[in-house]
Each structure stands twice: as structure tokens, then as C-alpha cells.
4 protein chains.
Amino acid sequence: MTDLPRFGAGLWHFASYVDRYAVDGYAPPVTTLEAIARAGEVGDLSVVDLNYPFTDGVGIDEVKDALAAAGLQAIGITPEIYLRRFSRGAFTNPDPAVRAAALGQMHEAAGVVRELGADYVKIWPGQDGCDFPFHVDHRELWKLAVDGMRELAGAHPDLRFAIEYKPREPRVKMTWDSAARSILGIQQIGLDNVGVLLDFGHALYGGESPADSAQLLIDHGLLYGMDVNDNLRGWDDDLVVGTVHLTEIFEFFHTLRKNSWEGVWQLDQFPFREDSVEAARLSIRFLKALHRALDELDVAALQEAQSRQDALAAQRIVQDALLSCMAGNR
Amino acid sequence: MTDLPRFGAGLWHFASYVDRYAVDGYAPPVTTLEAIARAGEVGDLSVVDLNYPFTDGVGIDEVKDALAAAGLQAIGITPEIYLRRFSRGAFTNPDPAVRAAALGQMHEAAGVVRELGADYVKIWPGQDGCDFPFHVDHRELWKLAVDGMRELAGAHPDLRFAIEYKPREPRVKMTWDSAARSILGIQQIGLDNVGVLLDFGHALYGGESPADSAQLLIDHGLLYGMDVNDNLRGWDDDLVVGTVHLTEIFEFFHTLRKNSWEGVWQLDQFPFREDSVEAARLSIRFLKALHRALDELDVAALQEAQSRQDALAAQRIVQDALLSCMAGNR
Amino acid sequence: MTDLPRFGAGLWHFASYVDRYAVDGYAPPVTTLEAIARAGEVGDLSVVDLNYPFTDGVGIDEVKDALAAAGLQAIGITPEIYLRRFSRGAFTNPDPAVRAAALGQMHEAAGVVRELGADYVKIWPGQDGCDFPFHVDHRELWKLAVDGMRELAGAHPDLRFAIEYKPREPRVKMTWDSAARSILGIQQIGLDNVGVLLDFGHALYGGESPADSAQLLIDHGLLYGMDVNDNLRGWDDDLVVGTVHLTEIFEFFHTLRKNSWEGVWQLDQFPFREDSVEAARLSIRFLKALHRALDELDVAALQEAQSRQDALAAQRIVQDALLSCMAGNR
Amino acid sequence: MTDLPRFGAGLWHFASYVDRYAVDGYAPPVTTLEAIARAGEVGDLSVVDLNYPFTDGVGIDEVKDALAAAGLQAIGITPEIYLRRFSRGAFTNPDPAVRAAALGQMHEAAGVVRELGADYVKIWPGQDGCDFPFHVDHRELWKLAVDGMRELAGAHPDLRFAIEYKPREPRVKMTWDSAARSILGIQQIGLDNVGVLLDFGHALYGGESPADSAQLLIDHGLLYGMDVNDNLRGWDDDLVVGTVHLTEIFEFFHTLRKNSWEGVWQLDQFPFREDSVEAARLSIRFLKALHRALDELDVAALQEAQSRQDALAAQRIVQDALLSCMAGNR
């Protein structure tokens, strides 16, 4: 059996959530340090991606200690450029002062990446985009998005910046909305320290084949990271991985292995009504089963079937591996 | 020209919002009384639908005074059975104690309807449903939903209860999810004081034709109320009405007029990043234009075209009315 | 191990197809008799649902002989009320003469059901509905749909009629579009020989939970039949079952077993570019694995988890059964 | 008032259609010459895009004569690389012999472009892609798509090739599926005679903002052509333009004008059950109204509103122009 990958999670997996209905939150607030402790409880996580700023009053040394105590390392830092101040956009805000403030916060996050020895600054510009027809000048909006990323990444040539694209939410239409568009934008940026964090669910509900998007990003040398979850293809539900799209998540990981992509298998889930530690444990139990299935997959036979584009033969091979993967587990 | 309808709005139109990203809110909190004052500023609103409970510390007499000062009446009361306590369901919560608490809150809301002389208790059970395959026993869930509504409405035979169905959000799958399912459930309830509040956007993104759903509800005597907004058919965006689906909102109101349905034209919008008073004003300006278009629509010719199911002839008639409706306005 | 169910298929599974692009067909035409022979080749099929009329020149005795030779029985007859003559509707056609012709063809199909000893007339009114906003008078359209079904079923009290609902295609909006709407319509029809054939994929892409729809139909005594396939939730792709939605098809069959529903497990697939016999064989191999998984499912533990609406516990139980089901097969 | 644009249509607008249900066709077959005559009847069309090969037995001289008689010119030629022979792919077919045959047909089409003096070869590779998870090796599939286009376009440096992307249908997942992916692919091709034909409906149901896609293509110098229609965002319905998405089609044409894009306004509609000449006339009547609305649009005020990303102000300006555009028409 091949070695297990390292597992990770966005630290928000262990937070509590609000939405526009449960405005008092699905659970009491969770601090950065508490979330780190919970991540540590999972038992199989090696790394976390941390939102920044941390909870009020929490300093970076405390975070370091908490990570160490939990047996975790930081893989990325995600600046919260989607809070109130940036609700009309971070890079694409019509107000230059707000754009500057957003950049300022991202520069700070870059510093935290250095201090924690993380791999990348994760950029998730969820408020960048528009909501209505005729809302914006599309050329101008895209220019702001690209120029801002160039300014940011250009200021930190020693670091890597991973853009996480998503079709929509909270904006009705997001600027960085797909794998192909992200690659285009990164080419326009023209720097070699900007890449993509591919979220399985974002690709899925954006109408992409996540495996195809992974391949495309790898072929452009841009797959800096990835995370997984699940949804019903109509929204970024951030459900527990392995609860809906078993075959497609298997194809996704097969594609990563085929390309010898050896990054962390990360979780980006929002267990609104579930225990977050248990949700992570169930996820990793599933991912381990999937890892076994990858070991059992008859790759040579699959490649032969794919060379003929023989969907039935490929499915037979896949079902043999996937639908037996839990057998040794019980 | 026919008389204008009365206009109304959900009071939440004038609130501020949070979502799972902008957890600090898109704007500072707005109290019940402030929201009423804003609704009054719009200038064309006659009624509002109020969330209950009101902001902490606000009593019913203050609300009455605020409504009077703003020139408004209450049309409905919407108990907030979707906050944290009920996040795993109100009617369908697995815990009987929570179900009882939810009913308790709805009984209180019924009292407020009486005190304010409103038309109905609006029931929006957004947390009733499920998220994952195998999450629930579907028969049991539906039984809880129906039995709970029967218990509630049966306790208040002097009042009317309007269920607002929606396909999903915050639950991945909601219990009362469509017009037809709601009618079925109301038949099972077997009481004559339960009906439906039809949200244009919910019908639209649920794959219904809102006009068809309105007709179906009217034919069952169940259209207690309606509200309007807009979206991109993939989510309940609650955009400003008239910004995307002009023809379908026109067909919706045509259907209401054809059936002599004379209720209030209500707004259910979430102007996350816009001024809420201005958003309401733009909406009503549009609805007035639509009302003019209804006056100008050649109904006899349209009926003749529809009797032949002649889509092209019908569209020609509709475009003549709809695309001229703003001409007199400038 | 429990006994295997009987397997079946729509005979069109073994036809060739055209669409609006490959107007010369994905393969040469296949006659009714050839399709029966192919169905027989699969080896595990007991019954088929036959389109009617048969290929020109093929008489009912030939069909009987072919079925006998292939070891098959007829479970249903599907009149082709969606060909050119009925392209503007069968029950809901604006022309009374065409409606009468459609009924005539369905009466003939009823006769064939008797002659072949089939279980039901399958009614799939794919051309009944509308395409554009303002296209039809929705009340009138629905009345035509309901009255026509009543006239048809009322004329054959000795037979059963199974309506197969679907959200859309070929009509942009179909009249019988969902489980709940179908139940409503059947209640309006008021006869006890009209029910529903539930297509897993139609429910899925209509935004229903197929398991929930099955439960609802069973609770109304209306689940006359069902068939399975798969899709990407955006269209009725009629892909091979088990290739995408493994968990949801498992929940669907679990729901049937829980209710002791013992009908035929039918295929409704369109293998446009695949060998139809091989596609059926792969499907049944998967369905047998799913049947094993049902045997292994810890139903008591699942019910306990569902009674608490504990999604994580339920998923753990489900994954144990589902992801081990192929293990004994290799 | 500005000059009207030239109007055009895909010749298939005037054909008859089959689909997988109405296999005998929605109307009797229409020959190339008959379709040209119908296009001429519309009265406002200047150009057509012709499928190739023409109807059996129809030579290019007859086509020239028919075009001249109808007062039409050819704008593009669309090789039918989606018929049976190519149903498993044209550029991406697993069989090299079929790929060669597809290229052969496209080379012929290039010749026809020269003979008819058309603007481009339109490449619509609808059968290129996949249907199932694990169906293909995604890298290999994309390589075949890109290499094949390079070989084709490289052989005809005097001509232009316009790729029409689309998310899906007939393939469940198409290779050239979005504006951004098409630009990426064209960059990989590395030739300056390959561009894009942007179909409004394809962008819309692919989750793009058609106006944004138009801007992106223009900014890359790749918008070779465009055509319009409408749909319900879930499928390529090819409905009559102006029947559903009035605001978004207006934004689309506003974007073209703003960029001084002066190509033909083409129709790509499938009036399955309507008179095709009447459908085209209704479309052009609408497009002329939209052209008037563009003249009336307060562009300076709109730009100012967009510079502030003020959605409400923008909508007010847009509604004033759009909802008055038919006033002068009655």
C-alpha cells in the first residue's frame, strides 16, 4: 500500500457559522485558538489553513503555541477580505481607499505566512464581482482584479499566492469564477508566484469536471493546492466529502495521483449543524478508503479503456475498486 | 387606468444582513423600529410583514406607534423559527422539546397578529428539511411537518396561516419545497385556515413557472399572499424585482389580475450592498410601470393567441405592452 | 441473502437514437423485434416496457413470439404520443382533433396491454406543456391534462395507467412535472386506476430527493412502477445507473425495500454511443451489488441515526455497506 | 438614430428538427435551397451561416443562385462534424481515421467559404467531449482538440476559423465549453486566424454573463462573430430572442456597441413548433426595438453609475431606455 497523504483543513471547518437566517449563529463563537484545538482533536490532520486576522486579542505567538500543542502546521493564511469593509469588493472595490485597505490586510497576511512558515497566501476574493446586469463595466472590473493581484504578488516574490476561484457567493457573479478564467488571469498577471487552489466543490457546481480542471491546472503548473467537500451541484453546500459524488471525487484523486501531485488533501467543509470534529473524522475515514481504492484501481486497464474512450469498460474497473474500498475497514 | 394596488414589504427588506462570509454584517444592525421608519420613508408602502420577536426591548405598543407614525399597517407576522435554537428544524426538529418551543413562539406570533390586526401568520420553516442523502426518514419528516402545522393552525381557527415554500436554503432540501407539495400538505392538514404565500423568486428558482404556480394556488383557493424579487434561477438571490425576469414577472401579475386576485404587491428583497429605501423605491417604480403595462396589454388578443397556443403571437402582444410601459414615465 | 428482484428495461434502451444534431442517428434503426432480441441477450432481464406502435409491419403475434423467444414478458406499453403529430401536445394539444387522435392511439395501447398481459399503460406526455412565458393559459392547460387522463383511464377500468412525470424535455416546461404535482392531478382525476411511474433521474434533476418522492408516492398508494438511470442533475441524461449518484440510488432502493415495495427494477437509459446490451449488463451488475449492499446495511442502526437526524452517523453506516458491496464480486 | 446593423441567421433556423422523442421530425425535411428561400422571405436578413454538406444533390452553384435570388450572402459555413460518423467525436474521436475524415470535411468546408466569399469557417464540435466520470484522459482529450484545430487552421492561413463553444449537448461535457477555456485553447493553438463565435444562450446557460464574455473576447481580439437566442439558463433551449432575458440581451448589445464591434446580429434559434419565418421576423422586430433602446440609453450616466458600481442607478437608467423601446412601434 502506498503511503497515506498528509491531511489538512481550513480552520473555518472548526468554527461556528452564521447565515442570513440564523443570524445568532448555528453555535456559539469559536476563537482561533479553540478552533486549532479542535483541529488537533481530529487526530489525522497535519496542517491547517488559517483565517487572518485571528480572533481579537490573539497574537501570533499564541497561534504558534496552539499549533504546536495540536501537532499542526500552517499550510496557508487566508486574509478575510470578505468582511463588511470589503463587502463591495476587495481588489475590485470602486473605492480606491478600500482597495488599499484590502491590500494592506493581504500584505499583513503575507507577513504571517512568513512567520508561520506556511506555504502560501490563499486569496479568496468572494466579494469581488457583481450582482445585477449592467452593474459594472466588465473590462474595468477584470482589470482591477488582475492588476491588484499583480501588485500584491509582485510585492512578495518570496511567497506564493493561491487564488481560490468560485462561480458565485457571496457575490451573484464572482470575478475569479473558473479554472480557465483563473489561468487566463494569472497569465495576464505575468508573475510566477501566483497559482490556484482548486476546491472540488467549486469546480463541481460551476459545471466543470473537477478532474479535468485539476489536469488543466497541473498542465499549466498552477495547482498550488486543493481542498474537498461535496454539494448537490447547484450551490457551494460545503457538505462532508464522500456523501454525494463518490465517483467524481475518486476521479479527482486519481488525476492527482496520475500526475504525481503530492500536496495535502485538505477539507473545506461547513458542518453547520454537525459536530465539526466528527465531520472531519468521517471525512478522513472516507479519504483513507478512497486512498485504498486508488491502490486497488487497475490503472493500466483503465488507461487502455480511456484510450478507446470506452465508458463502460472504464466504469467497470472503477466500480470494482471504489465499491470494494471499505471492505477491509469493517 | 385601473387603481394602483397596495404595496408592501417584508420588514427584513430594511434590515442589515450577515452571511457566512461577512460575519460582521453588511451594515450595522437595524432595530425593528428603525426598519419601520425606513419602510415609511419609501413613500409608497402601505403594509409590512414583521419578523417576530422584535428587537430586544421593543414592545408591541412601540411597534404600533412606529407603524402609525410611518403610515403603515401590519399584513403579516413572521416568527423567526430559523434562528440557532431551531437550526435543526422547527416543526421537524428531532427533539420534541425544541418542536414545542417552536410552536410556543408561533403561538406568540399568532397573538401579535391579533393585536396588530394583521392578515396572517407567515410560516417560513427554512430549517425544516435535511442536508444529506440518508439524513432522515422522509415519511417521518413529512409527518412532523404536516402534523405540526395542523396543531398550530388548529389552535387559532380565527387566524390564517400562510406557508411560504422554498426549494432550499438554509436547508439543502426544505420540507415545504414547491407549490404542489404545499397544496398536498395543506390537504392533509385538513383545515381551512392554512394557505400559501407565493414568493416569485422561490417559484422561479425551483423550476416552476411562477404564473402557473399562482394559477394552481388560486384554483385551490390557497393564494393567501405573494411577494416578489428576482434571481438568476439558481438560487434565492432576492435581487430587486424587475432587474432580470421582466417577462415572467409580467406574466405573474397578469395571472393575478386575470383571476381578480387583489392582494398586496409585496417586496421580499435582500439589498445586501444597496440602500434599502432606494431599492424599494426602484422596485415600486418598476411595479407601477408593470401595472401600466397590464392596463395596456391587449388581453382579448392574448387570450385568442393562447387558445391556439401561439407563442409568437402572444409574445408580440406582450412585447408591445411591456416594452412601452416606461415611455410615459420619463 | 434476500432474493434478487426482477429486472426490466424500457425497450428503447435497445433502440438507436437521433437528436437535433446527429439527425442521421447514432446507429442504424433497430426494429421492435431486433430490440426484443437484444433485450433477451442481456441475460438478466425478465420484462420490458414496449413503445407502441411497433415498427411498421410488425404484428402483435410476432411481438409475442419474440418476447417468448427472448424469455421476456411485457410489463408496460408506452404509446408514442410524442411524435410529430403530437408535437404540440397530446392531451393538451390546442386542436381537439389531435387530442382525439392521441386518445385513439392510447386506447389502442390499452388493447395491447390486455393482449400481452402487461401490468399498465405507461403515459409519458412529453409534448404536453409549453415553452415560452405567456405561451398558454395555465389553468386551461392543466384542465386539459387532467380531463384527458380521466377520460382515458375511465374508459379502461380493468387496466392501470402509470404517468411518468418529468420536469422538461422535449417541452421546455412539462405539464406533469413532479411527484407532488402528479399526485395532485391524480386526486383531481378521481379514479383508482391511475398512478405514477417514478423515474429516478427525473426526480433527481427536478430537484427532488428521489427517495423522498418514492416515499410520498408509496404513502399515497400511487407508486405503480419505477425505473433508474443517472444524470448530472441538470438534464435527463439517461446515463447508465451507478455511474454518478451512488449514494442517492442506494437511498432510493433502501426506501423501496423499507416499504416492502416489490416491483421490477427497471432501466430507462439512452446509451447513445455505447453498446446497449453491454450498458444493460453493467447496470444490472451494479444493481446486484446494490442489492447486496442493502442486505449488508445495518438498518436498525440507520433508523436510530435517522431518528436523531444524525447525518454523520447515518453516512458512516451507509458507507460501510455501499463501499464494500463489490468486494465479493471480483 | 444610428444605422441598423446587418441581420443574419444560421440556416438551420429555417430547417425542420428531430429530437430523441419526435424521431419522425417536427416537420417534413427542408432542403438547403428551401431553407435559403425561407430566409429570404424574412425580409430583413442579409446573411446566413450554412451547414455543409448541403442537401444531397445540391451543388454550390445552385446555392449561389439561391442566395442571390433571396438577397442573401454567406457569412459562414458550418461543417456538420456532429453527425453519426462523428458521434464519438470529430477532433477528439479515439479513432485516427475518423479524425482524419472530420478534418477532410472541414477542409472541404474551407473551400466552400472561399467559393462563397464567406467570412469564416464556423467550428462547432458538439460531439467532442465526454459523458461519464472516468470516460477519458482529460489531458489527451484537450490535446486532441487543440492540435486538431491547429492543423485545420494552419492549413488555411487565408481563412478565419470561429469556434463556437458550449457547455454541453449533445455531449454531456463538451471540450470547448466556455469563453475563457476557448481563449486558453486558442492561445495554445498559436495562430492568428482562430477566434470565437459567441452564442448568447451558450454563455447564459453556462453561468457566464454574456456581456462579460463578449468583453473578454473583444479584449483578446477574438470575437469573430456572435449569435443570439434565449433559454431558461438550464439548457440550450434556442428560444426566440427577447422572450426571457430582456435586460441581459440589452447589456450584451450595449457591450458590443461600447466596443464599436460592428459585426452581424445573427439568430441561432430552433423554432421546433413555430413557423420559422415568423419566428425570425418577431426576433428582428425585437432586435430593432433593442437597437432603438441603445440609441436612447444614457450612456454617460450609465458609465458614471458603473464607475461607482451603483446597481440601482444603473438599473434605473436601463429601465428607462429598455422599457420604452417599443413605444414608437405601435
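Read-outs throughout are calculated quantities, based only on the coordinates presented, and are distinct from any laboratory measurement. Fair warning: this is a prediction, and the values are worked out from it, not measured in the lab. Because the Cβ atoms are built from the backbone with ideal geometry, glycine has one as well, and the counts that use them run over all protein chains shown.
Tabulated results
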{"item": "Calculated P(r) of the range A:207-307 - Cα pairs past 17 Å, %", "result": "54"}
{"item": "Residues with amide H under 5 Å from that of B:ASP44, placed H, sequence gap 5 or more", "result": "none"}
{"item": "Angle in degrees between helix C:96-116 and the longest Cα principal axis of chain C, rounded to the nearest 10", "result": "50"}
{"item": "Shielding by other protein chains, B:51-64, mean Cβ within 10 Å", "result": "0"}
{"item": "Shape call, the range C:1-74: gyration tensor on alpha carbons, a/c limit 1.5", "result": "oblate"}
{"item": "Residue-averaged 222 nm ellipticity for the protein assembly as shown, from DSSP H runs of 4+ at -39500 (n - 2.57), nearest 500", "result": "-13500 deg cm²/dmol"}
{"item": "Fraction of antiparallel bridges per DSSP, the protein assembly as shown only, in percent to nearest 5", "result": "10"}
{"item": "Listed peptides D:5-17, D:152-164 by packing density, highest first (mean Cβ within 10 Å)", "result": "D:5-17, D:152-164"}
{"item": "Considering only the range B:159-281, percent of DSSP beta bridges that pair antiparallel, nearest 5", "result": "10"}
{"item": "Neighbour-count order for B:LYS173, B:LYS122, A:LYS288, fewest beta carbons within 10 angstrom listed first", "result": "A:LYS288, B:LYS173, B:LYS122"}
{"item": "Percent of beta bridges antiparallel (DSSP, chain C, rounded to nearest 5)", "result": "10"}
{"item": "Simple label model, 7 Å out from Cα along Cβ direction - C:ALA155 to C:ASP3, nm", "result": "3.7"}
{"item": "Shielding by other protein chains, B:313-320, mean Cβ within 10 Å", "result": "6"}
{"item": "Ascending count of other beta-carbon atoms within 10 Å, so fewest first, for A:ASP24, C:ASP238, C:ASP49", "result": "A:ASP24, C:ASP238, C:ASP49"}
{"item": "Number of partner chain Cβ atoms within 10 Å, mean per residue of B:135-147", "result": "5"}
{"item": "Position D:ASP44, label points 7 Å along Cα→Cβ, spacing to each other copy in nm (shortest first, one decimal)", "result": "3.1, 5.7, 6.2"}
{"item": "When each of A:LYS64/A:LYS122; B:LYS143/C:LYS166; A:LYS166/D:LYS173; C:LYS64/C:LYS166; A:LYS173/D:LYS166; B:LYS166/C:LYS166 is checked by Cα-Cα distance, pairs over 21 Å", "result": "B:LYS143/C:LYS166; C:LYS64/C:LYS166"}
{"item": "Principal-axis tilt of helix C:311-322 within chain C, Cα atoms, nearest 10 degrees", "result": "90"}
{"item": "Nearest-0.05 FRET efficiency for D:GLU41 and C:LEU191, computed from C-beta distance (R0 41 Å)", "result": "0.25"}
{"item": "Position D:ALA97, label points 7 Å along Cα→Cβ, spacing to each other copy in nm (shortest first, one decimal)", "result": "5.1, 7.3, 7.6"}
{"item": "Positive dipole terminus of chain D, leading residue within D:MET174, D:MET326, D:PHE86 (C-beta point charges)", "result": "D:MET174"}
{"item": "Chain B - Kirkwood radius from inverse mean 1/r over Cα pairs (Å)", "result": "20.5"}
{"item": "Reciprocal mean inverse distance between Cα atoms of the protein assembly as shown - Kirkwood radius, Å", "result": "31.8"}
{"item": "Built amide H within the under 5 Å cut-off of C:LEU232, gap 5+", "result": "C:ASP237"}
{"item": "Nearest-20 debye value, chain B charge dipole, Cβ charges on Lys, Arg, Asp, Glu", "result": "380"}
{"item": "Calculated P(r) tail over 22 Å for the range A:34-142, as whole % of Cα pairs", "result": "40"}
{"item": "Check: the protein assembly as shown dipole with +1 on Lys, Arg Cβ and -1 on Asp, Glu Cβ, in debye", "result": "0"}
{"item": "Point-charge dipole on Cβ atoms (K/R +1, D/E -1) for the range B:9-93, about Cα centre, debye to 20", "result": "420"}
{"item": "For A:THR32, D:THR31, D:THR175, order by how many other beta-carbon atoms lie within 10 Å, fewest first", "result": "D:THR31, A:THR32, D:THR175"}
{"item": "Rounded Å value of the spacing that divides the Cα centres of the range D:52-127 and the range C:175-241", "result": "42"}
{"item": "Of all chain B residues, the one whose C-beta is nearest the axis that brings B onto D, in angstrom", "result": "B:ALA327, 2"}
{"item": "Shortest-first distances to equivalent copies, position C:ALA300, nm, label 7 Å out along Cβ", "result": "4.7, 7.5, 8.2"}
{"item": "Enclosed volume per residue, in Å³, of the convex hull spanned by Cα atoms of the range C:78-236", "result": "106"}
